[in-house]
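A short worksheet on the structure shown next.
FYI, it's all coordinate maths here, none of it is from the lab. Only a predicted model underlies this, so the values are computations on that prediction, with no experimental measurement involved. We place every Cβ from the backbone using ideal geometry, glycine too, and count neighbours over all the protein chains shown.
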Ligand code: GAF
């Protein structure tokens, strides 16, 4: 972390020729369980990870905004007057979209000063670990401070979501930004996506001798297009047909009636969301009563539901999950929006190398590219670093 912070400070000075007002950071996230439940106003249980995005920001005395990053070789410049979703594209839509969205949540964009912003990150892009929410969280926290907006973290999460929905054009829910802004060390964030009530649930992984292994398949996913939006539309169709505001309002006991009313595909989409909400509640209860070693079956069941009912897995993710399970993982599932990205496996420390060797072997045997394997810990959410 010190390296990222020092690096972004040095780079800010060499690019903009002055010191920034401060450095802020926000982490990526992994979702332990609760997939595609957030936009159905249900429950999720993500945690912030020990991979972060840092943002160095300095106010200007004019109305110009300049943003740069260590991963894109360009400096994007725009006047605050012209800041609108239509004017934004590429990677800079993430930080600039946040500046625009703050205007939707009370910032007077006609009165605030411009700024220079530089971003660096060690959250892998395209791995399903929310590198985008990390940029949004760091930018939102920084602008909230320097523009003295006084918005709370739940509101900043909504700002990030609005930016992603409107400026970037991805119809995502509130989970990723909430995890990035509300996460704490060694705890998962149990979020009710209707009320936005968030409770921290201690994970106790180290005490239990367990690690969360990320298996990044390298298969890229893009939320702005295709399957994600189509799944969301199916859920909305299902909710309308069942006469509820959102699938959150459907319980496991309602599923027999749902089967009578809905076509097969819509029914299976609904069944995933309804049973996944229940699995989140069961996981939270199990973690509190029995600890992390007892949640394996819930993780496994979540993967089966995403593979068979929601149909958002791919062969590489299925292979990752099955190989981890067969070699000592307590539980495993794909994580995030699906169609690529990463799986997670909950692995006893003494089985970690066996699982890793087996994954490398299985991917090679199937002719798939080598997966990236690394463990993550539950870390602190967004902070001002200096
Ligand atoms: C992506 C989205 F950004 C989240 O809002 C969530 O819907 C997730 O996919 C699926 O659970 O990460």
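So, residue 307, is that one over 24 Å from the mean Cα position of the chain (by Cα) and part of a helix (DSSP H, G or I) or not? No: the conditions fail for residue 307. Considering every residue within the stretch 364-375, establish whether at least one is touching a residue at least 24 places away in the same chain (Cβ under 8 Å) and at positive phi. Within the stretch 364-375 (the criterion being touching a residue at least 24 places away in the same chain (Cβ under 8 Å) and at positive phi), the answer is no, since none of the residues qualifies.
If I filter the stretch 257-271 for residues that are closer than 20 Å to residue 171 by Cβ, within 16 Å of the ligand (Cβ to nearest atom) and either assigned to a helix (DSSP H, G or I) or more than 26 Å from the chain's Cα centre (by Cα) (or both), do I get at least one hit? Taking every residue of the stretch 257-271 in turn, at least one turns out to be closer than 20 Å to residue 171 by Cβ, within 16 Å of the ligand (Cβ to nearest atom) and either assigned to a helix (DSSP H, G or I) or more than 26 Å from the chain's Cα centre (by Cα) (or both). The lone criterion from (1) farther than 18 Å from residue 33 by Cβ; (2) surrounded by fewer than 13 Cβ atoms within 10 Å (Cβ to Cβ) left unmet by residue 252 is number (1). The listed residues are 101, 138, 56, 127, and the only one of them that is in contact (Cβ under 8 Å) with a residue 40 or more places away in the chain, surrounded by 24 or more Cβ atoms within 10 Å (Cβ to Cβ), touching a helix residue (DSSP H, G or I) at 6+ places or on another chain (Cβ under 6 Å) and under 30 Å from residue 216 (Cα atoms) turns out to be 56. Does residue 68 satisfy being surrounded by 18 or more Cβ atoms within 10 Å (Cβ to Cβ), over 26 Å from residue 196 (Cα atoms) and more than 16 Å from the ligand (Cβ to nearest atom)? So residue 68 fits the description; yes.
When the residues of the stretch 179-208 are narrowed to those that are under 17 Å from residue 384 (Cα atoms) and either without any contact (Cβ under 8 Å) to a residue 24 or more places away in the chain or within 16 Å of the ligand (Cβ to nearest atom) (or both), which ends up surrounded by the fewest Cβ atoms within 10 Å (Cβ to Cβ)? Among those residues, the one meeting the criterion is 182. Restricting attention to the stretch 209-238, the residues that are surrounded by 15 or more Cβ atoms within 10 Å (Cβ to Cβ), in contact (Cβ under 8 Å) with a residue 60 or more places away in the chain and more than 22 Å from residue 161 (Cα to Cα) total 10. Give the residues of the stretch 1-39 that are at positive phi and free of Cβ contacts under 8 Å to residues at least 12 places away in the same chain, sorted by residue number. Correct list: 17 only. Evaluation of residue 154 against the conditions (1) in contact with a helix residue (DSSP H, G or I) (Cβ under 6 Å, 6 or more places away or on another chain); (2) within 16 Å of the ligand (Cβ to nearest atom) shows that the sole unmet condition is (1). In a loop (DSSP other than H, G, I, E, B), crowded, with 20+ Cβ neighbours inside 10 Å and in contact with a helix residue (DSSP H, G or I) (Cβ under 9 Å, 6 or more places away or on another chain), is that true of residue 340? It is true that residue 340 is in a loop (DSSP other than H, G, I, E, B), crowded, with 20+ Cβ neighbours inside 10 Å and in contact with a helix residue (DSSP H, G or I) (Cβ under 9 Å, 6 or more places away or on another chain).
Pick from 375, 335: which is in contact with a strand residue (DSSP E or B) (Cβ under 8 Å, 6 or more places away or on another chain) and buried (at least 19 other Cβ atoms within 10 Å of the Cβ)? None of the other options fit; the residue is 335.
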